[in-house]
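K.L.:
Can you keep this structure in mind? I'll have questions shortly.
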Amino acid sequence: MKVTRVVAGAAVAAAVLVSLNATGAPAAPVASVPAVPGAILQESATQVAADSKTLRELAKRTGMKIGTAVDMSALANDATYNDKVATEFNSVTAENVMKWSEIEPTRGVLNFAPADQLVAYAKANGQSVRGHTLLWHNQLPTWLTDGVASGDIDATELRQILKQHVFDVAGHFRGKIYQWDVVNEVIDDNAQLRDTIWLQKLGPGYIADMFRWAHQADPKAKLYINDYNVEGLNAKADAYYALVQQLKADRVPIHGFGMQGHLGVQFGFDGRALQNVQRFEALGLETSFTEVDVRMVMPPDNPKLQAQANGYGILLRACLLAKRCTSFTVWGFTDKYSWVPGVFTGQGAANLLDENYGQKPAYQTVSQTLALAG
Ligand code: 9MR
């Protein structure tokens, strides 16, 4: 029996969100939320709303987009997957097909077909598209990495190639992407600029160049800097704060800070995500959670699944409580398709739905939190 307290009004909903965030208590069904003064014990309107609506429907009234990364082969071959992308989300990100190695596997031969399919799908389903990503150190075409390694491509040519890439890709999708991850993972886990071909050959100024070029290529897109392990208050997030401060001082067109949100229940969660979001917003940026998933050591059990729900809840509440957190994207939504087991041996079950599309506690938390906020 679903007996819980009626939570009426946005102010109370916000108070509940705050209290959950501040206590850091495991994200729990609404029934175990601390007593709200004046609340009536009956079937909760919020619970009913959450039960009968998709995430997309619930998110509509929050002003925050709810998104997922999309695996194009699952979209083409798995009807349930395809249906859920359309019904549960109002924002999509290409999990892979907008990356450089996918778009230009052969130098000078651009293949936009799979990414165009995603953009068309999004249009047909009334969804927005996040662009991911114009610059990364992974998934680069071998003609590029080999050319740099052999010395065939020198620094001057590399800079020209990178600029051309931005104009090719951001130009191709001009007007169709609401947020671009312009540079991805440019700071390493020691909070230093990441040692990549970009830094080695072009120097640190490549980051500002990327934003300036992207802004010229697609003036309306919000331009993001994006990374993992920057959801809380830590040295890496501090390094981003300093970098963004400098870019803003230099009048670089940077608009957003993207926190990927690849968490693991075995590491615990930093409950200060909201403070972190707020300090970036105070610099004049909007923010987004861009790749959220919460993995665990297999097999899943109830405590791990509850902890996972808490991880999703901490990030989602931070986004909903912040002033300019515009999108919350999960990096896949079903354990049927996930990058995690292939990279972290013995870990998985990181998504909102299980392999059979069954709802996990994390889904319930996301759904109920959206219902409360909306
Ligand atoms: O989920 C993506 C996976 O399918 C690719 O094989 C992998 C290649 O490195 O990239 C994964 O997505 C990454 C994203 O683009 C950037 N942040 C980390 C994500 C997980 O590795």
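Each reported figure results from applying straightforward, stated rules to the coordinates on display, with no laboratory input. The structure presented is a predicted model; accordingly, all values stated were derived computationally and were not measured. Cβ: placed from backbone, ideal geometry, glycine included. Neighbour counts: every protein chain shown.
K.L.:
Hey, can you rank 158-169, 74-85 by average C-beta count inside 10 Å, highest first? Show your work: numbers first, answer last.
P.N.:
Details: 158-169: 18.0, 74-85: 16.2.
Put in order of decreasing packing, that is 158-169, 74-85.
K.L.:
Further, regarding this structure: What does the stretch 230-374 give for Rg and for Dmax, in Å, if only its C-alpha atoms count?
P.N.:
Final numbers for Rg and Dmax: 15.8, 50 Å.
K.L.:
Next up: Pairs 60/222; 53/248; 53/176: which are spaced more than 30 Å apart, C-alpha to C-alpha? Don't skip to the answer; put the middle values down first.
P.N.:
Details: 60/222 20 Å; 53/248 40 Å; 53/176 27 Å.
With Cα atoms farther than 30 Å apart: 53/248.
K.L.:
Once you have the Cα-Cα distance between residue 139 and residue 52, take 0.36 nm times their residue separation minus that, and quote the gain in nm to one decimal.
P.N.:
On the way: separation 87, 0.36 × 87 = 31.32 nm, distance 4.00 nm.
Taking 0.36 nm per residue and subtracting the Cα distance, the gain is 27.3 nm.
K.L.:
In addition: Would you mind putting 114-123, 186-195, 91-100 in packing order, based on average other-beta-carbon counts within 10 Å, highest first?
P.N.:
91-100, 114-123, 186-195
K.L.:
Now, a different point. Rounded to two decimals, what is Rg over Rh for the stretch 96-181 when you use alpha-carbon atoms and the Kirkwood radius?
P.N.:
For the stretch 96-181, the value is 1.01.
K.L.:
May I ask you to give the average projected area over all directions of the convex hull of the Cα atoms of the stretch 160-313, in nm² rounded to one decimal?
P.N.:
Values: hull surface 40.0 nm².
Mean projected area of the Cα convex hull: 10.0 nm².
K.L.:
Also, quick follow-up: For an R0 of 51 angstrom, estimate the FRET efficiency from the Cβ-Cβ distance between residue 233 and residue 167 and round to the nearest 0.05. Intermediate values should be presented prior to the final figure.
P.N.:
Numbers: r = 37 Å, r/R0 = 0.72.
That gives a FRET efficiency of 0.90.
K.L.:
Could you give P(r) for the chain, binned at 10 Å from zero, as whole percent values over all Cα-Cα pairs?
P.N.:
It works out to 5, 24, 33, 25, 10, 3, 1, 0, in whole percents.
K.L.:
Given the peptides 267-278, 311-322, arrange them by the average over their residues of other C-beta atoms within 10 Å, most packed first. The partial results should precede the final answer.
P.N.:
Values: 267-278: 18.8, 311-322: 25.2.
Packing order, densest peptide first, comes out as 311-322, 267-278.
K.L.:
Which of the aspartates and glutamates could a cross-linker span from residue 163 if the Cα-Cα distance has to be under 16 Å and same-chain partners fewer than 8 positions apart are dropped?
P.N.:
Reachable aspartates and glutamates: 104, 154, 181, 209, 218.
K.L.:
Now, a different point. Write down the Å³ per residue value for the convex hull defined by the alpha carbon atoms of the stretch 251-336.
P.N.:
Numbers: hull volume 8.3 nm³, N = 86.
Residue-normalised Cα hull volume stands at 97 Å³.
K.L.:
How long is the gain from residue 266 to residue 356 if the chain were fully straight, where each residue apart is worth 0.36 nm and the alpha carbon distance is subtracted?
P.N.:
Values: separation 90, 0.36 × 90 = 32.40 nm, distance 2.42 nm.
Extending this stretch completely gives an extra 30.0 nm.
K.L.:
If each Cα of the stretch 319-374 is one equal point scatterer, what is log10 of I(q)/I(0) from the Debye formula at q = 0.19, 0.23, 0.27, 0.29 Å⁻¹?
P.N.:
-0.75, -0.92, -1.06, -1.12
K.L.:
Over all pairs of distinct alpha carbons, what does the Kirkwood formula give as the hydrodynamic radius of the stretch 81-225, in Å?
P.N.:
15.9 Å
K.L.:
Can I ask one more? How high is the relative contact order of the chain, in percent, counting Cα pairs under 8 Å that sit 6 or more residues apart? Present the calculation step by step, with values, prior to reporting the outcome.
P.N.:
Numbers: 719 pairs, mean separation 72.4, N = 374.
Once divided by the residue count of the chain, the mean separation gives 19 percent.
K.L.:
Shifting gears a bit: Hey, could you pull the Cα Rg and Dmax for the stretch 124-174, both in Å?
P.N.:
Answer for the stretch 124-174, Rg first and Dmax second: 14.1, 46 Å.
K.L.:
Would you compute the Debye intensity of the stretch 79-126 from its alpha-carbon atoms alone, equal scatterers and no solvent, and pass along log10 I(q)/I(0) at q = 0.14, 0.23, 0.25, 0.30 Å⁻¹ to two decimals?
P.N.:
Those come out to -0.40, -0.82, -0.91, -1.11, one per q.
K.L.:
Can you list the residues, at least 5 places off or on another chain, whose amide H is less than 5 Å from the amide H of residue 222, using H built in the peptide plane?
P.N.:
Residues meeting the amide H criterion: 179, 180.
K.L.:
What is the pair-distance distribution P(r) of the stretch 167-241, computed from all Cα-Cα distances in 5 Å bins starting at 0, with each bin given as a whole percent?
P.N.:
3, 15, 23, 21, 18, 14, 6, 1
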